[in-house]
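Here is the structure we will look at, set down as structure tokens.
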Amino acid sequence: MSGFEQSVRIVLLGDMNARVGNVEMEGVIGKFGVPGVNWAGERMVEFCAESGLIVGNTWFKKKLVNKNTWLRDNGTDEALMDRVLVDKRLKGRLEDVNVLRNWGGVIGSDHFLVVARMCWRGTRYEKL
């Protein structure tokens, strides 16, 4: 990853409005994505490939209700747009990425809370 020392590991979380689809791309996208690709998603996949990052949301088999992070006000349109990007050297430490749908209204947003669980130093888990 240019600009960082070899010892630096990156974990990037956020609302990227990026739809990367459900087609597996070795070393970047897992086989459990959500259908639909947009321009921001295409750019993000390029960025991840160049930077040595994986799209963590796509590596875990889940029901759609536990993947989609955004719901339009009409209650029917939804998408996975909030992302957990992880240095591919940390992929083995990424234990889970899940969406807590009951938190959307609590935080006053049309996006749901995304929780990533990673293993650091053995069996100690931290939520990001």
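The values are calculated or read from the model by the stated rules, or taken from the named source; none is laboratory data. The structure presented is a predicted model; accordingly, all values stated were derived computationally and were not measured. Cβ placement follows ideal geometry from the backbone for every residue including glycine, while neighbour counts extend to all protein chains displayed. For accessibility, only protein heavy atoms count, side chains too; no ligands or nucleic acids. Shrake-Rupley method; radii C 1.70, N 1.55, O 1.52, S 1.80 Å.
Among residues of region 95-121 that are among the aromatic types (Phe, Trp, Tyr) and modelled with pLDDT of 85 or more, those with a beta-carbon under 6 Å from a residue that is in a strand (DSSP E or B) and open to solvent by less than 60 Å² (accessible area, probe 1.4 Å) at least six positions away or on a different chain give the pairs Phe112/Val99. Within region 48-59, the set of residues being assigned to a loop (DSSP other than H, G, I, E, B) and either basic (Lys, Arg) or under 12 Å from Val34 (Cβ atoms) (or both) is empty.
Within region 68-80, being farther than 13 Å from Asn98 by Cα and part of a loop (DSSP other than H, G, I, E, B) holds for Arg72, Asp73, Asn74, Gly75, Thr76, Asp77. Quick check: anything in region 51-60 over 13 Å from the mean Cα position of the chain (by Cα) and among the polar types (S, T, N, Q)? Yes, region 51-60 has at least one match. From the set of residues in region 1-43 that are in contact with a helix residue (DSSP H, G or I) (Cβ under 9 Å, 6 or more places away or on another chain) and charged (D, E, K, R), which is surrounded by the fewest Cβ atoms within 10 Å (Cβ to Cβ)? Only one residue fits best here, namely Lys31.
Within region 1-52, the residues that satisfy the criterion of being under 19 Å from Asn68 (Cβ atoms) and of a type in the set (Gly, Ala, Ser) are Gly14, Ala18, Gly21, Gly30, Gly33, Gly36, Ala40, Gly41.
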